[in-house]
Amino acid sequence: MQDFAIAVNRNASLSIREAGRDRTPVILIDEFAESTAGLVEYACTAHYGPDPTSLYPGRRAGLPRGYVRTVLDAVFPLLCRVHAVPADLAMRPVHAVFSLITTPESELEPRQCAPHFDSTAAYYLAVLHYLNASPHCDTGLFRHRATGLERIGEADLDRYLQAREAHLERHGPPPRAYVRGSNEQFELYDRIAYRPNRLVIYPGSLLHSGLVDPAVDVDANPRSGRLTANIFVDFEPAPARH
């Protein structure tokens, strides 16, 4: 498959939201690309399959390297500034995929029926590009009621998992359904609206979930489904120069 890159829109609209009690910065860039049509066409020729690295409820395919390079080159200075990434750390792409929600509610695993976090690492960031036309589901940000946690850092992990396990022992597994809002375990405190050609950047430690409407969002067709481009990056010490 040939490589592909987008042209970044010089007139894109940037905003930064401080989400939740922790005032976690979430970057929003609307009309990020001059056009997403070519990227969607590329996505229609990609090979999709399950993602063995995550519990994503659908199918994924590799993103073109040219697209990934273009996006990361465009946002690197911004995300380093907004998320206060130390200057001695170097960015490392971890995972770069097209994503389509394809799993019916009847086939969900229990862990897919609750908000999740991507990583406990301090500077692990998710870059999410909404591609297809609306309507598709927003991305919800959640607070864990028992602990008050909005982000799960390494120091929080044991406390969070113990609280989740205690709830499971008392109440059993959650209903086999997608998360659509607040419940007895989690409070939906903010939502990132789905807008075509919107780029969103947020810490992977945030508790979040797509607010999936199965009638609209469970769709394996890259032309009509909730097609997103997801790039996950982390930062690590730069290699020494000799």
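The values are calculated or read from the model by the stated rules, or taken from the named source; none is laboratory data. Model, not experiment: these values are computed from the prediction. Virtual Cβ from ideal backbone geometry, glycine too; neighbours counted across all protein chains shown.
Filtered by the rule that a residue be of a type in the set (G, A, S) and more than 17 Å from the chain's Cα centre (by Cα), segment 199-225 gives A215, A220, S224.
May I ask you to list the residues in segment 62-78 that are part of a helix (DSSP H, G or I) and either surrounded by fewer than 16 Cβ atoms within 10 Å (Cβ to Cβ) or touching a Leu at 6+ places or on another chain (Cβ under 7 Å) (or both)? Within segment 62-78, R65, G66, Y67, R69, D73, F76, P77, L78 qualify.
From the list R23, R65, R81, R59, which one is under 22 Å from R191 (Cα atoms) and out of contact with any His (no Cβ under 8 Å at 6 or more places or on another chain)? Before the answer, list the steps.
Working: R65 fails: under 22 Å from R191 (Cα atoms); R81 fails: under 22 Å from R191 (Cα atoms); R59 fails: under 22 Å from R191 (Cα atoms).
Exactly one residue qualifies, and that residue is R23.
When A46 is tested against (1) in a helix (DSSP H, G or I); (2) more than 18 Å from the chain's Cα centre (by Cα), only condition (1) is not met. Restricting attention to segment 23-39, the residues being buried (at least 18 other Cβ atoms within 10 Å of the Cβ) and in a helix (DSSP H, G or I) number 1. Residues that are touching a Phe, Trp or Tyr at 6+ places or on another chain (Cβ under 6 Å), of a type in the set (A, V, I, L, M) and more than 28 Å from A74 (Cβ to Cβ) do not occur anywhere in segment 192-210. With respect to being at pLDDT below 95 and surrounded by 12 or more Cβ atoms within 10 Å (Cβ to Cβ), D51 fits the description. Could you please find all residues in segment 208-242 being hydroxyl-bearing (S, T, Y) and over 27 Å from N183 (Cα atoms)? S224 - this is the single residue of segment 208-242 that is hydroxyl-bearing (S, T, Y) and over 27 Å from N183 (Cα atoms). For residues in segment 146-175 being of a type in the set (D, E) and loosely packed, with under 13 Cβ neighbours inside 10 Å, which is farthest from R23 (Cα to Cα)? Within segment 146-175, the match that is farthest from R23 (Cα to Cα) is E169.
Condition check for N230 on (1) under 20 Å from C80 (Cα atoms); (2) surrounded by fewer than 22 Cβ atoms within 10 Å (Cβ to Cβ); (3) out of contact with any His (no Cβ under 8 Å at 6 or more places or on another chain): one failure, at (3).
Residue check: P239 meets all listed conditions (1) within 30 Å of D88 (Cβ to Cβ); (2) within 14 Å of the chain's Cα centre (by Cα) but one, namely (2).
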